Amino acid sequence: MQADERLALADDEQMAFEVPDVLVDRATHYCPGCHHGIAHRLVAEVLEEMGVVDDTICVASIGCSVFIYNYLAVDSVEAPHGRAPAVATGVKRGRTDKIVFTYQGDGDLASIGLAEVMHAANRGERITIVFVNNTVYGMTGGQMAPTTLIGQKTTTCPGGRCRDREGMPIRMAEIIAGLGGVAYSARASLDSVKNIRAAKKAVRKAFDVQQQGLGFGFVELLSGCPTNWRMDAVKANTRIREEMIPYFPLGVYKDVTEGEGVC
Amino acid sequence: MPHNTTDTGTPERIFIKGNEAIAHGALAAGCRCYFGYPITPQNDIPEMMSYALPDAGGEFVQAESEVASANMLLGAAAAGIRALTSSSSPGISLMQEAISYMAGSELPGVIVNMNRGGPGLGDIGPSQGDYFQSVKGGGHGDYKLLVLAPATCQECYDMMVQAFDLAFKYRNPVMVLGDAIVGQMKEPVTPWKPAAVPATEAADWRLEGAKGRKPRLLKSLFLEDGALAGQNRHLQAKYAAMQAEAKAESFLTEDAELIVVAYGSIGRIAKSAIRKLRAQGHKVGLVRPQTLFPFPGPLLRGLAEQGKRFLTIEHNCGQMVEDVRLSIRGIVDSAFYGHMPGEMPGSDDFLAPILDAMGGK
Ligand SMILES: Cc1ncc(C[n+]2csc(CCOP(=O)(O)OP(=O)(O)O)c2C)c(N)n1
Ligand code: SF4
Ligand SMILES: [Mg+2]
């Protein structure tokens, strides 16, 4: 189907919102009901509203979203698994005048890349991190992640995650908020229109603090992976509400925008 | 602070360690970012960069690990910035994934390895045990680094300038491979000012925001049918073209019956041994590869064709000798003397092995 055909309105339809120019008009490789597309869109809208699209450098991570550069029309570089915050540090230190962000999954950020994100946050790197928490390693087939909930079955904890064996799911927005260089840390969810609206505000703030030179901006987005959760998209949204949000409470864990910078 | 200059801008001779010469050379070459993690015997490099680089308008970051250092290097390189990391053997092992990504994404950067003893934690003394890791890729996949091997403090300075130029010329990571000897010894060095880095360096590929042009993408993932094969062919052609950069010091090779092949500090110690033996009338010469990749194989082959015999001396258990043998294969073999890492070599240690090789067939 051609793009204009897809966008053509039927008689009983009306355009509710514009598609950001920076969002490339093509079908994504994401599964039906996957929230990566919504997260991409929020980033696209925020960059466009801030007027920084042409000054932005994206650091892609390793996970289902490695192809983010196919969907966001900004300069991009690909980082090794977990190392996006270190790569972003290098980009930003090289070009302090640019907006630099990473987009990382929970395996990437909260497991293999824990040291890099914690130290980039602690140094107060003027970068933004968009963290997509879907409680599994999506790309490699749904293995257990550090964020997998207790009792949740995955391909590497087929009997369900057990506290005594695998430990408790890790809460990143809270941990990041505890570090000195952080200007903003929040958790939002992509399960409903209402929550998506709130998520956009959080994404915006996480970029604003970078632009204002206040410190490190971090936003965690609770997201669905219907494929590896073995459920349909509607049930996945329900699961976010009923199982994820109670353990990963939504909210702003740190916000210094009213006060001074952090370093 | 980058270098001692007189009022007229003429460089003076300065008495510094090889490690300091590395830092001076990097600053002269226009290095703007340094990322590193402490490890002996190269700590003088980050220590000097931590004050000199901010003074020169650059950025110094003490990274949380060598894994992070190398990835920061990757990021700065993506922005088209001249950037440096330095470490010693265990730290260089940790960098290998990022270095492979840099090679795959064709990103320029300079990595200094002041080689210490291994395997494992080894010791903090000199060693050439990282030769294979340096010249054969080191990380995953088929790739090469350009590898330069300084033997003097002056070469530490000069080769840093050359390293940055080569990195950006070929869009490839460059390794400067020294050891605890050249890093820690002090010698007079004459700093010199290379031509300024043109503002247009990397202008056709660096990331700086897609103002007025299409977005750029720097990556090493090639999933489309045939794409990775194409990228590998392209990289291999680039590595073949690098052969033009091969360089070596030849010392008394013309009338020599035996050619000693040795690099870095060991090449220099071998030179002292050769001087002693020449004084006794032994016809022995030296080839000291200054580039380890590309390897000066054609030079060695030419000498083999003249009927000369070979002895490779290394401060390891036999690594470069494989490249020497490949270079002269079908004509003659190379004898080998490996000074064991963990023991400090002196020129007298090399006399018997050289005499042995001269007496042998
Ligand atoms: C060093 C290394 N180890 C393992 C992998 C394999 N790998 C690719 S993606 C991935 C997990 C990604 O999961 P997550 O970050 O949660 O992203 P998602 O796909 O769920 O969005 C892993 C382990 C790799 N590419 N590199
Ligand atoms: S596997 Fe999960 S995270 Fe990956 S695209 Fe499919 S739904 Fe999205
Ligand atoms: Mg995930």
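The values are calculated or read from the model by the stated rules, or taken from the named source; none is laboratory data. Predicted, not measured: the structure shown is a model, and the values here were computed from it. Positions of Cβ are backbone-derived with ideal geometry, glycine not excepted, and every protein chain shown enters the neighbour counts. Quick note on the areas: whole protein, heavy atoms, side chains included, nothing else; ligands and nucleic acids left out. Shrake-Rupley method; radii C 1.70, N 1.55, O 1.52, S 1.80 Å.
Cross-link partners for A:K153 among the lysines, with Cα-Cα distance under 24 Å and sequence neighbours closer than 8 places in the same chain left out: A:K235. Rolling a 1.4 Å probe over the protein heavy atoms gives chain A an accessible area of 41 Å² per residue. When chain A is treated as a GNM with alpha-carbon contacts under 10 Å, the residue of A:A27, A:A198, A:A115 showing the greatest mean-square fluctuation is A:A27. Computed over the protein assembly as shown, the P(r) curve from all C-alpha pair distances, binned at 10 Å from the origin, holds 3, 16, 23, 22, 16, 10, 6, 3, 1, 0, 0 percent per bin.
Karplus-derived 3J(HN,Hα) values for segment B:259-272, using 6.51 cos²θ - 1.76 cosθ + 1.60 with θ = phi - 60°, are 9, 8, 10, 8, 10, x, 3, 5, x, 6, 5, 4, 4, 4 Hz; glycine and proline are entered as x.
Inter-part distance, segment B:43-122 to segment B:167-225, computed on C-alpha centroids, equals 12 Å.
For the interface of A with B, what's the total buried accessible surface in square angstrom, probe 1.4 angstrom, rounded to the nearest hundred?
Result for this pair: about 2700 Å² buried.
GNM remark for chain B: springs join alpha carbons under 10 Å apart, and the peak mean-square fluctuation among B:L94, B:L223, B:L146 falls on B:L223. Positive-end ranking of B:I14, B:A279, A:G224 along the dipole of the protein assembly as shown, with charges on Cβ about the Cα centre, is headed by B:A279. Computed over chain A with a Gaussian network model linking Cα atoms closer than 10 Å, the most mobile of A:T28, A:T128, A:T140 is A:T140. Placing unit charges on the Cβ atoms only, positive for Lys and Arg and negative for Asp and Glu, gives chain A a dipole magnitude near 1080 debye about its Cα centre. Bridgeable lysines around B:K214 (alpha carbons under 16 Å apart, same-chain partners fewer than 8 residues away excluded) are absent.
Antiparallel DSSP bridges in chain B: what percent, to the nearest 5? Taking every DSSP beta bridge within chain B, about 25 percent pair in antiparallel fashion. Between segment A:225-250 and segment B:256-289, how far is it from one alpha carbon centroid to the other, in angstrom? Value for the Cα centre distance between the two parts: 71 Å. Among the listed pairs B:K276/B:K308; A:K92/A:K205; A:K201/A:K254; B:K136/B:K308; A:K200/B:K211; A:K98/A:K200, those whose Cα-Cα separation exceeds 23 Å are B:K136/B:K308; A:K200/B:K211. Peptides B:14-24, A:235-245 ranked from most to least packed by the mean count of surrounding Cβ atoms within 10 Å: B:14-24, A:235-245.
Taking every pair of alpha-carbon atoms in chain B, what share in percent sits in each 10 Å bin, from 0 to the bin with the longest distance? Cα pair-distance distribution for chain B, in percent: 6, 25, 32, 24, 11, 3, 0, 0. Note on A:66-76: average number of Cβ atoms from other chains within 10 Å of each residue's Cβ is 4.
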